[in-house]
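The values are calculated or read from the model by the stated rules, or taken from the named source; none is laboratory data. The structure presented is a predicted model; accordingly, all values stated were derived computationally and were not measured. All Cβ positions, even for glycine, are placed from backbone atoms using ideal geometry, and neighbour counts span all protein chains on display.
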Amino acid sequence: MVAASKPDGYLIGYAPGVISGLQYLGYSDVKPEQFETIMLAVTMPAAITVQANSSYRNINDLIAAAKQRPGQLVIANAGVGSPWHMSAVALEKKTGTRFKHVPFDGSAPALVALLGGHVDAAATAPSETLAHVNAGKLRVLGVMDKRRFEPLKQTPTLKERGIPLVVVDWGGFVAPKGIPADVLEALRTAFKKAFDEKGVKELYAKQGLGYTYLSGEDFGKFTRDQTSVFKEMIANAGLSK
């Protein structure tokens with residue numbers, strides 16, 4: 001809808017990271033080059049989560065169990081082709097294991113299944129599990145980022161456990177191609193001003209979101225570079241169309 005709309009600045013969109021991979025999934029021919037980029041607004045690492053009373057105390061426990069029972073450990077995800085699905089596939093490739101992947105219509109139902117004990121683990125963003133972790137119902141085994149997830153500082157990254165794997169989803173704001181330069185600049189300035197507000201920073205921290213900013217042109221290059229990242233992950237997941 002955004003790509004096809006009149007480029008006057010009155011209709012813009014929020015683009016999730018998978019916009020860089022839709023063409024390879026075969027879901028749509030929409031690609032980053034069809035947009036003018038306003039601002040990268042957030043990054044979200046992948047994480048593997050289990051019930052708080054699980055016998056898997058860390059990510060290496062889960063990997064060891066997966067190697068003993070190939071294809072039997074059930075990992076829920078937010079849908080076929082989602083970054084979280086592909087993060088679990090990437091974990092398989094990196095560790096020489098094999099899981100049973102069960103897709104749900106989003107992370108919320110995937111976590112409901114985990115809370116109910118219907119799956120062994122879930123691949124989601126750690127921010128999506130935070131409330132359940134704080135309530136003592138879930139435990140994050142590891143985060144797929146270069147650094148620890150601030151609200152769960154006790155949880156190590158996979159790299160700290162000897163698994164050099166980074167999978168980070170992202171999102172930002174875009175406008176239709178052809179938008180006037182002065183209008184685009186006005187949008188970029190306004191979004192940056194809002195992003196710098198104290199209340200926005202506090203909300204990001206509270207929700208456990210990655211407070212990450214890239215300016216328009218840098219964000220544009222980032223989205224294009226991400227196409228090769230998504231292309232590889234999608235191919236590894238056997239989902240290329």
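Taking the criterion of being assigned to a helix (DSSP H, G or I), surrounded by 13 or more Cβ atoms within 10 Å (Cβ to Cβ) and touching a helix residue (DSSP H, G or I) at 6+ places or on another chain (Cβ under 6 Å), would at least one residue in segment 176-192 satisfy it? Scanning segment 176-192 turns up at least one residue that is assigned to a helix (DSSP H, G or I), surrounded by 13 or more Cβ atoms within 10 Å (Cβ to Cβ) and touching a helix residue (DSSP H, G or I) at 6+ places or on another chain (Cβ under 6 Å).
Filtered by the rule that a residue be small (Gly, Ala, Ser), surrounded by 14 or more Cβ atoms within 10 Å (Cβ to Cβ) and part of a loop (DSSP other than H, G, I, E, B), segment 6-34 gives Gly9, Gly21. Just one of the listed residues (Gly172, Gly216, Gly220, Gly208) is outside the structural domain of Thr95 (by TED's automatic domain parsing), at positive phi and surrounded by 13 or more Cβ atoms within 10 Å (Cβ to Cβ), and it is Gly208. Pairs linking a residue in segment 210-237 that is within 21 Å of Leu25 (Cα to Cα) to a residue that is of a type in the set (S, T, N, Q) and surrounded by fewer than 20 Cβ atoms within 10 Å (Cβ to Cβ), with Cβ atoms under 6 Å and 6 or more positions apart or on different chains, are Ile234/Ser240.
With the structure loaded, tell me whether Gly96 is surrounded by fewer than 20 Cβ atoms within 10 Å (Cβ to Cβ) and closer than 22 Å to Lys206 by Cα or whether it fails that test. It would help to see each step written out before you state the result.
Working: surrounded by fewer than 20 Cβ atoms within 10 Å (Cβ to Cβ): yes; closer than 22 Å to Lys206 by Cα: no.
No.
The set of residues in segment 108-166 being more than 18 Å from Ile75 (Cα to Cα) and among the charged types (D, E, K, R) consists of Asp145, Lys146, Arg147, Arg148, Glu150, Lys153, Lys159, Glu160, Arg161.
Give me the residue from segment 204-228 that is assigned to a helix (DSSP H, G or I) and closer than 30 Å to Val133 by Cα and, out of that set, modelled with the highest pLDDT. For segment 204-228, the residue satisfying everything is Tyr204. Among the candidates Arg98, Arg148, the residue that is touching a residue at least 24 places away in the same chain (Cβ under 8 Å), farther than 30 Å from Lys6 by Cβ, part of a loop (DSSP other than H, G, I, E, B) and not assigned by TED's automatic domain parsing to the domain that holds Leu22 is uniquely Arg98.
Ser54 satisfies every condition listed in (1) within 15 Å of Ala122 (Cα to Cα); (2) surrounded by fewer than 22 Cβ atoms within 10 Å (Cβ to Cβ); (3) of a type in the set (Ser, Thr, Tyr); (4) at pLDDT below 95 except (4).
State yes or no: is Thr37 assigned by TED's automatic domain parsing to the domain that holds Asp145, modelled with pLDDT of 95 or more and either within 30 Å of Arg188 (Cβ to Cβ) or assigned to a loop (DSSP other than H, G, I, E, B) (or both)? No. Scanning segment 146-154 for residues that are modelled with pLDDT under 95, crowded, with 21+ Cβ neighbours inside 10 Å and under 17 Å from the mean Cα position of the chain (by Cα) turns up at least one hit.
Every condition in (1) without any contact (Cβ under 8 Å) to a residue 40 or more places away in the chain; (2) assigned to a helix (DSSP H, G or I) holds for Gln154 except the one numbered (2).
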